[in-house]
Amino acid sequence: MKKEILRMEHVSTKDPALSNLDDFNMNLFQGETAAIIKLNDVGVDKLIEILCYNYPIASGRIYIQEKLVNRQDYSNFTRNSISIIDRNSKMISDLSVIDNIFLSPRKPTKFMIRKKQQYREFLWLCNEYELNPILHPDNKDITIFQRCIVEILRAVVSEAKLIIINQLEEILSEVQFESIKRLLKKVVRHQFTVLFICFPHQYMSQDCDRYLLIQNGRDVKMIDRYSQYMMPSLLSNYIRVPAPYIREQTAPLLLQVLHLYLENLYDLTFSLAAGECIGIHGREEREFFLFLQLFQFVRKPDIGKILFEEQDLYQNPPAPNSILIVQRDIANTMMMDELSYLDNLCIGLDQRLNTPFRSKRVLRGIKKNARLAVGDLIDAESIEFLTKEERIHLLYERLCLLHPRLVIFNRPFSENDLTIKQCIAQMIHQLKKKGIAVIILTIENCDYLNVCDNIIMMNLKNPIA
């Protein structure tokens, strides 16, 4: 009989800071691989939180290894022996690979650190899981892929009861994620339990014993390995990816980046036409800082040229608002809650009109056109109450009003639920149809990147188209 690792019975939470669980049920067994498919993001963050820590719950019970660890009338705030591997690093940057593996937050570290013994154990782990070509014990500067492997090995060394894999397929390449899955299969053979968390369009990349669908903080349906034929019909309403927009071949070239060198950018070359979208895929977000600084006129390339409308970008700067940068977390960073809807809509309009004053006639015209799209929202004195979808639509209306020639999105598909990703993809699709060129900077791998007409894979040596 299989040993039960986790059981959650009718768990509900009431946390004003996070979306909550509502009568949630789940159980996991030793040596099992399972997946939670989130139909929306409601309750998922709270689920991860109460799995890792015994924080108060409103109702229900939580058992780990058949031991009651949390209930509605008592929570001891202790940490559970559960490891989570996601986009956020849990490593200490100043320590080497081998030190990070054996420095466990759950398993007590010995007062005397025996380096030779740790090295022998490290070699055994690498041989057992076939990781010799990937990891070096003394490395400190490692890739995201290597960091994920180190955190998995740390979970093995610390004897974690459950290993949670939270959407790694969005930050790793397909080949890298397949390597992670092969490693996890070997880990499961040693009686560890693995739980994947993913969106509906990602479930095909998992190979699990059971799948649990979660929506609005409730468990909707549990599907075992032998009932997977039901999955396409159950998830058909949640997998909607807009078809890629194909521009006309006669569209004029707007941007040309020619043999660009700048610190970690090596021989970056690409061209972009009006109404076209290109994705630039990097390993880490810091690789995009230099690229954005080029278009913010903070820096110039060491070698190479950037031509905008066939003119040098720095010798003949384009008109204001010709190039706009949309930062990460669109719904929050691109808005000012204390301003009215109309004022948020008109941000940047002064530069577009080349005057510090706004004509009342112009504002009346903008308000009249906006009312056709958003109704009475245009009269709102503050945007604090707007939903994320309404904020994204506000940003889209602002971009249409400013009508830039080029928009650069910095990781638009990161840390958003499925509905928000659909809204952003649709917004980019509509911008392309209006003849606006788009650049997407991303480290994620998701189906919504099909809005791109071309994707450049960038690394520290050479970008590969």
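The values are calculated or read from the model by the stated rules, or taken from the named source; none is laboratory data. All of these numbers come straight from a predicted model, not from anything done at the bench. Cβ placement follows ideal geometry from the backbone for every residue including glycine, while neighbour counts extend to all protein chains displayed. Note: accessible area is taken over every heavy atom of the protein model, side chains too, but ligands, DNA and RNA are not part of it. Shrake-Rupley method; radii C 1.70, N 1.55, O 1.52, S 1.80 Å.
Quick notes
- The sole residue among Leu386, Leu401, Leu363 that is surrounded by fewer than 18 Cβ atoms within 10 Å (Cβ to Cβ), of a type in the set (A, V, I, L, M) and at pLDDT 85 or above is Leu401.
- Residue tally, condition open to solvent by less than 40 Å² (accessible area, probe 1.4 Å) and not in a loop (DSSP other than H, G, I, E, B), over the stretch 318-333: 6
- Candidates Ile165, Ile142: the one that is within 27 Å of Ile36 (Cα to Cα) and modelled with pLDDT of 80 or more is Ile165.
- Yes/no for Glu151 being surrounded by fewer than 19 Cβ atoms within 10 Å (Cβ to Cβ) and assigned to a helix (DSSP H, G or I): no
- Inter-residue pairs, beta-carbon under 6 Å, first open to solvent by 80 Å² or more (accessible area, probe 1.4 Å) and in the stretch 95-122, second modelled with pLDDT of 80 or more and outside any helix (DSSP H, G or I), 6+ apart: Lys107/Ser158
- Hey, Asn27 out of contact with any Cys (no Cβ under 6 Å at 6 or more places or on another chain), assigned to a helix (DSSP H, G or I), among the polar types (S, T, N, Q) and within 24 Å of Arg189 (Cα to Cα) or not: no
- Strands (runs of 3 or more DSSP E) fully within the stretch 174-235 that include at least 3 residues being open to solvent by 10 Å² or more (accessible area, probe 1.4 Å) and either more than 20 Å from Lys2 (Cα to Cα) or among the small types (Gly, Ala, Ser) (or both): 218-224.
- Among the residues making up the stretch 435-465, those that are more than 24 Å from Gln167 (Cβ to Cβ), at pLDDT 75 or above and open to solvent by 20 Å² or more (accessible area, probe 1.4 Å) are Gly435, Asp453, Asn454.
- Pair list, Cβ under 7 Å, 6 or more apart: the stretch 57-69 residue touching a residue at least 40 places away in the same chain (Cβ under 8 Å), other residue among the charged types (D, E, K, R) and open to solvent by less than 30 Å² (accessible area, probe 1.4 Å): Glu66/Glu4
- Breaking point among (1) out of contact with any Gly (no Cβ under 6 Å at 6 or more places or on another chain); (2) of a type outside the set (Gly, Ala, Ser); (3) open to solvent by less than 30 Å² (accessible area, probe 1.4 Å), for Leu21: (1)
- Index of the failed condition, Asp45 passing every other in (1) charged (D, E, K, R); (2) closer than 30 Å to Arg286 by Cα; (3) in contact with a strand residue (DSSP E or B) (Cβ under 8 Å, 6 or more places away or on another chain): (3)
- Being part of a strand (DSSP E or B) and not aliphatic (A, V, I, L, M) is a condition met by no residue of the stretch 39-50.
- Verdict on Ile57 being assigned to a loop (DSSP other than H, G, I, E, B) and buried (at least 20 other Cβ atoms within 10 Å of the Cβ): yes
- Single residue of Arg405, Arg398, Arg391 found to be touching a residue at least 40 places away in the same chain (Cβ under 8 Å), of a type outside the set (S, T, N, Q), closer than 25 Å to Leu342 by Cα and out of contact with any helix residue (DSSP H, G or I) (no Cβ under 8 Å at 6 or more places or on another chain): Arg405
- Filter result for the condition that a residue is modelled with pLDDT of 80 or more, out of contact with any Phe, Trp or Tyr (no Cβ under 9 Å at 6 or more places or on another chain) and on the phi < 0 side of the Ramachandran plot, over Ala274, Ala251, Ala243: Ala274
- Within the stretch 334-360, the set of residues being modelled with pLDDT of 80 or more and part of a helix (DSSP H, G or I) comprises Tyr341, Leu342, Asp343, Asn344, Leu345.
- Each residue in the stretch 48-70 was checked for being within 18 Å of Ala17 (Cα to Cα) and among the hydrophobic types (A, V, I, L, M, F, W, C), and 6 of them qualify.
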